[in-house]
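Trainee: Sending over a structure as C-alpha cells; questions will come in a sec.
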Amino acid sequence: MASDNHVRKLATIVALDVAGYSVRAEADERKTIAEIAALRTLIQDVAAGHGGRIFNTAGDGFMLEFGSCLAAVQAAFRLAEACEPKVRIGVHLGDVAVQPNGDLLGHGVNVAVRLMAGSEPGGALVSAAVRQTIRDPIVERLVPRGILQLDKMSGTIEVFALAGAETDATFVSRPAAPQSGPSLAVLPFQNLGGDPEQAYFADGMMEEITAALSRIRSLFVIASASTQQYKGKSVGPRSIGRDLGVRYILEGSVRRAGNRVRIAAKLTDAVDGSQLWAQHYDDTLDDVFALQDRVATSVAGIIEPTVQELEIRRAVRRPTSSTDAYDFYLKALA
C-alpha cells in the first residue's frame with residue numbers, strides 16, 4: 001500500500017481514440033454515436049480475448065489495461081486493423097495507481113495517452129519499455145521511430161510503430177529524427193563460431209558495451225531493443241543510420257577457439273560509411289563476466305574521445321555567419 005492510500009502496480013496501458021471524431025460528429029452526430037457504440041463492443045471483445053479490460057472511457061476515447069505487454073501489442077495490432085472508423089493507439093508499460101472504482105491513474109497512463117496523440121489513424125506507437133519485454137516474432141513488426149518529445153511533459157521516450165497495411169507508408173519510410181548531439185547505435189555482435197550456445201556471449205557483449213556507452217552523458221546511445229531487429233541481417237550502416245537517426249554505428253563480432261576468444265569491434269560513420277576505428281581483444285573465457293566488463297570499459301574509453309575529436313573536427317569545418325563565433329572560439333581556448 002502506497003503512502004497516498006492508493007494501491008500501485010505495474011500495468012501495460014493501451015490508450016485509444018477515434019481519428020477525426022470531432023469532424024465526424026459535427027457532420028453526422030447520430031451516425032458517429034452509433035459508430036462509437038459499435039466500436040466499444042469490438043474493443044471490449046478484443047481486450048477480453050487478450051486478457052485485458054476497459055478501465056475508462058471518455059467520448060471517443062478508451063483506456064485499456066493488460067497484464068502482459070505481448071497481449072497488449074497483439075490487441076493493438078488487432079484493433080488497428082479492425083476498427084472502423086480508424087483509431088489512434090498508444091501502448092506503454094508503467095507504474096499506475098489503482099482507484100477504488102477500478103480506474104487507473106498516474107504517469108504510466110499519461111505516457112500512453114501522449115503516444116496515442118502522436119500516432120496516425122490506423123496505427124499505433126509503442127514505448128521501448130513495452131518492446132524490451134517481448135520475446136515473440138511479433139517484434140519484427142515493431143519499427144523504431146526514434147525519440148518522441150512527450151507533449152506537455154518534460155521527458156522524451158523511444159518509440160516504435162506498428163508496421164502493417166495501414167502504417168507502412170506513414171511510418172516505415174520516414175526516418176527517425178537525428179539527435180542534436182553525437183548519437184550512436186551498437187549493433188548485435190556476430191557469433192562467427194556458428195555455435196548457437198555461444199550466441200549468449202555475443203548478445204551479452206553488445207549489452208555490456210551499450211550500457212557502458214550509455215553512461216557517457218555527451219553521447220546519445222540508442223537502446224539495444226531498437227538494434228536487435230538487425231541481428232543476423234545484412235544491412236549497411238547508412239541505412240541503419242537513417243532508420244535510427246544516428247551518426248555512428250558500432251559493430252562487433254565474437255570468435256571462439258577452445259577456451260580462447262577474440263572480440264572485434266569497429267566504429268563506422270553512418271553518413272558516408274567510412275570506418276573510423278577498429279580493434280580486437282584476445283582473452284580467455286575463465287571469467288566471462290569479467291571479460292565482458294573489461295572489453296566494454298575499454299571500448300567505451302576509446303569511443304568517447306574518438307567521437308569527441310570527430311565532432312570537434314566537424315564543428316571546425318562547419319561554416320558560420322556569426323560575427324561573434326571567433327570571439328567565442330578564443331574564449332573557449334582560454
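Trainee: Could you go through segment 299-314 and let me know if any residue there is modelled with pLDDT of 85 or more and not in a helix (DSSP H, G or I).
Mentor: No, every residue in segment 299-314 fails to be modelled with pLDDT of 85 or more and not in a helix (DSSP H, G or I).
Trainee: Note down all Cβ pairs under 6 Å where the first residue falls in segment 199-220 and is of a type outside the set (D, E, K, R) and outside any loop (DSSP other than H, G, I, E, B), the second is surrounded by fewer than 16 Cβ atoms within 10 Å (Cβ to Cβ) and at pLDDT below 85, and they're at least six residues apart or on different chains.
Mentor: That search, which allows pairs on different chains as well, returns Phe220/Gly181.
Trainee: Further question: Here is a list of conditions, (1) of a type outside the set (Ser, Thr, Tyr); (2) surrounded by fewer than 19 Cβ atoms within 10 Å (Cβ to Cβ); (3) within 15 Å of Lys86 (Cβ to Cβ), and Ile33 meets all of them except one; can you say which number that is?
Mentor: Ile33 satisfies every listed condition except (3).
Trainee: With respect to Val111, is the statement that it is within 10 Å of Thr12 (Cβ to Cβ) and either part of a helix (DSSP H, G or I) or modelled with pLDDT of 90 or more (or both) true?
Mentor: Against the criterion (within 10 Å of Thr12 (Cβ to Cβ) and either part of a helix (DSSP H, G or I) or modelled with pLDDT of 90 or more (or both)), Val111 does not qualify.
Trainee: Show the residue pairs meeting these rules: Cβ distance below 9 Å; 6+ apart or different chains; first residue within segment 139-158 and small (Gly, Ala, Ser); second residue surrounded by 18 or more Cβ atoms within 10 Å (Cβ to Cβ) and modelled with pLDDT of 80 or more.
Mentor: Gly146/Glu158; Gly146/Val159; Gly146/Ile222; Gly155/Val111
Trainee: Continuing with the same structure: Just for helices (runs of 4 or more DSSP H) wholly inside segment 1-100: which have at least 2 residues that are modelled with pLDDT of 90 or more, touching a helix residue (DSSP H, G or I) at 6+ places or on another chain (Cβ under 6 Å) and within 25 Å of Leu150 (Cβ to Cβ)?
Mentor: In segment 1-100, the matching helices (runs of 4 or more DSSP H) lie at 69-82.
Trainee: Among the residues of segment 12-20, are any in the same structural domain as Asp103 (by TED's automatic domain parsing), in contact with a Cys (Cβ under 8 Å, 6 or more places away or on another chain) and among the hydroxyl-bearing types (Ser, Thr, Tyr)?
Mentor: For segment 12-20, residues in the same structural domain as Asp103 (by TED's automatic domain parsing), in contact with a Cys (Cβ under 8 Å, 6 or more places away or on another chain) and among the hydroxyl-bearing types (Ser, Thr, Tyr): present.
The values are calculated or read from the model by the stated rules, or taken from the named source; none is laboratory data. Every value quoted in this text rests on a predicted model; they were computed, and no experiment measured them. Every residue, glycine as well, gets a Cβ built from its backbone with ideal geometry; the counts of neighbours run over all protein chains shown.
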